[in-house]
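For reference, the structure discussed in these notes is given below.
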Amino acid sequence: MSILVFSSCSQDTQEQPTTEPEPTIPREYQPPTQVLNATYVWSAEPEIDLFDGRGRLIRAAEEAKTIAHYGGLDVTYPGFADVLSYEYASRIDARPYHALAGTARAHILQVTETETGFDATVCTQPSHLGIRWDDGEYRITTLSGRESYVQFTRIVDSAEHPQLELEPRWPPIDRTDPYPALQDMPVSENQWSAPTEDLFSDTGYTITFGADLGETMHRCQDWGRSIEPDVPAEGSETIRSPIPPRTLPAYPGW
């Protein structure tokens, strides 16, 4: 007689629970030290809305440009470096060894439709904005007003613009050396206001900047004198001061 013996084996091992990796939370954008003690106060012509899509985009582009010139393209507003035209970006000579303090007044003078997007004329009045140098003093330039335009161009077919595919991502600036102008800076009561989200990447626009030096320049000068009547009649004057200009609350801010 044959006996069949069945043996069973059991395993005490338990399935280990699988854990999902923690999602990476993007760090909220912080403006660099070079502009932290400065603000923008914006205004616009009656028919222009500072708060609509275009108004916000114009303000963000102008402010991002300022950060790029003082802090560098790698520390400016999210998405800005990726939509800035190669021609303009390649001409930026960043000055991370200086710091801004005080308030720049800016005014959207006009918005003009184009076949591929729109242009905006922006006036700026820098008479309450100082640049801190290595000696700890501030250079403040008083003048009537400056004029610039911002071009927003929608590129439909990138094949017609191969340079867009070849544009490099701008490398970070070497900041290993301490900058004397950034050391022991007084901290202003009001500080730079910045958007935390990317306002540029999903618009489909390429952005560039320029100057007209024509009729709009004179309108910007008139606007500048309307808020600063004591500026020089012609040209500009640079004042050196150990005390930074007062930094006003940003308006409208973000």
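Numbers for the structure displayed
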quantity	calculated
All positions within the range 90-121 that are surrounded by fewer than 21 Cβ atoms within 10 Å (Cβ to Cβ), out of contact with any Lys or Arg (no Cβ under 9 Å at 6 or more places or on another chain) and either more than 23 Å from C220 (Cα to Cα) or not hydroxyl-bearing (S, T, Y) (or both)	S90, R91, D93, A94, R95, Y97, E113, E115, D119
Residue identified as part of a loop (DSSP other than H, G, I, E, B), charged (D, E, K, R) and more than 18 Å from R240 (Cα to Cα) among E62, E47	E47
Some residue of the range 118-132 being modelled with pLDDT under 95 and among the acidic types (D, E)	no
Qualifying residue in the range 104-114 (condition: assigned to a loop (DSSP other than H, G, I, E, B) and without any contact (Cβ under 8 Å) to a residue 24 or more places away in the chain)	no
Residues located in the range 186-245, provided they are among the hydroxyl-bearing types (S, T, Y) and free of Cβ contacts under 8 Å to residues at least 40 places away in the same chain	S226
Filter pass, R246 being in a strand (DSSP E or B) and charged (D, E, K, R)	no
Odd one out for W170 among (1) outside any helix (DSSP H, G or I); (2) crowded, with 18+ Cβ neighbours inside 10 Å; (3) modelled with pLDDT of 85 or more; (4) of a type outside the set (S, T, N, Q)	(3)
Within the range 173-222, tally of residues that are of a type outside the set (A, V, I, L, M), under 21 Å from the mean Cα position of the chain (by Cα) and assigned to a helix (DSSP H, G or I)	3
Check on P244, in contact with a strand residue (DSSP E or B) (Cβ under 6 Å, 6 or more places away or on another chain) and modelled with pLDDT of 90 or more	yes
Yes/no for G55 being within 25 Å of P249 (Cα to Cα), at pLDDT 95 or above, outside any loop (DSSP other than H, G, I, E, B) and touching a strand residue (DSSP E or B) at 6+ places or on another chain (Cβ under 6 Å)	no
Selection status of G79, in contact (Cβ under 8 Å) with a residue 60 or more places away in the chain, in contact with an Asp or Glu (Cβ under 8 Å, 6 or more places away or on another chain) and surrounded by fewer than 22 Cβ atoms within 10 Å (Cβ to Cβ)	yes
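The values are calculated or read from the model by the stated rules, or taken from the named source; none is laboratory data. Since the structure is predicted, the reported quantities are computational estimates derived from the model, not experimental observations. Glycine also receives a Cβ, built like all others from the backbone with ideal geometry; neighbour counts cover every protein chain displayed.
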